[in-house]
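Following: one structure in structure tokens, then a few remarks.
Computed from the coordinates by the stated procedures, all read-outs in this text should not be read as laboratory data. As the structure is a computational prediction, the values presented were derived from the model and not from experiment. Every residue, glycine among them, receives a Cβ derived from its backbone with ideal geometry; neighbour counts consider all protein chains shown.
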Amino acid sequence: MEADETADAAKPDHLKPILKGKKGCLQRLCAFFSMAAHILAILFVSYMIYLAWPFSSLFSWHPVLMSIAFVFLMTEAILFFSPDSNLVPKASRKTKLTYHWIINTTALLCALAGLAIMVINKERYGKSHFTSWHGLCGVCTVAYTCLQATAGSTLMFPKLTASLVKLADLKLYHATSGLVLFTLACTTLVLGLFTDWFWNTAHGSVWYFCIATVAWLSLVIMNQITQAYLPKSFKKPSQQY
């Protein structure tokens, strides 16, 4: 941020209003995309609940729990740190961190429940486990979520890892790993939209809305994390954070 301000100050005076206007437009556009992500996540989960209603089978809980975990809860947990669409802008960083780990823990529990339901349902009907790309990516996503949560918990006790890695570096690793996890989750979600269950229950063009929603969320989260951490990763060690 300071480097950007210094660079802007070096620009000719007649260009400064133009640069400021471009930054303002870009910021408003990012804010629109990020705020829309909240609405799209709710609509996506609501539609999954609608498709699964009245939950007459055990399997019907699987897509609902997974969409709640990764489309709604994990997205919201990350957006708590968004400068453009944070729903609790006046909260302190410590409070945001508390919200972040509570909501992500809830997401993990929903994901584990969704995975357990899938395994039980397969056992009930004597079917093989994880034979599709959706199933393989799904179990990898849940396993990765467990690892991410375990590693992320070390950020709550920085003194335990102070002798091994700097806190600033640990935050960078956690955010980067989180982006990989969210990308893997979105890949699993997209593959899930090609399953027989979704094709047989979804309604026409709504499929395109679901695909667009997953793409929208992934772009918003990718932009947030890269904008927050990539500029720092290119600085000299003494200048970082």
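Structure data summary
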| read-out | value |
| --- | --- |
| Among Leu40, Leu184, Leu26, residue whose mean-square fluctuation peaks in a GNM of the chain (springs only between Cα atoms under 10 Å) | Leu26 |
| Helix axis angle, 16-52 relative to the chain longest principal axis, alpha carbon, degrees | 10 |
| Relative contact order (%) - segment 38-239, alpha-carbon pairs under 8 angstrom, separation at least six | 22 |
| Gaussian network model of the chain, Cα within-10 Å springs - most flexible of Lys96, Lys127, Lys171 | Lys127 |
| FRET efficiency for Val119 and Trp216, using Cβ-Cβ distance with R0 set to 45 Å, rounded to 0.05 | 0.90 |
| Fluctuation leader among Leu58, Leu181, Leu97 - the chain, Gaussian network, Cα springs under 10 angstrom | Leu58 |
| Gyration tensor verdict on segment 116-241 (Cα atoms; rounded if a/c is under 1.5, prolate if a/b is larger than b/c, oblate otherwise) | oblate |
| Extension gain, Phe130 back to Lys96 (0.36 nm per residue minus Cα-Cα distance, nm) | 8.6 nm |
| Packing-based exposure ordering (other Cβ within 10 Å, fewest first) of Cys30, Cys140 | Cys140, Cys30 |
| Which listed pairs, of Lys94/Lys122; Lys96/Lys122; Lys90/Lys171, have C-alpha distances above 32 Å, in listed order | Lys94/Lys122; Lys96/Lys122 |
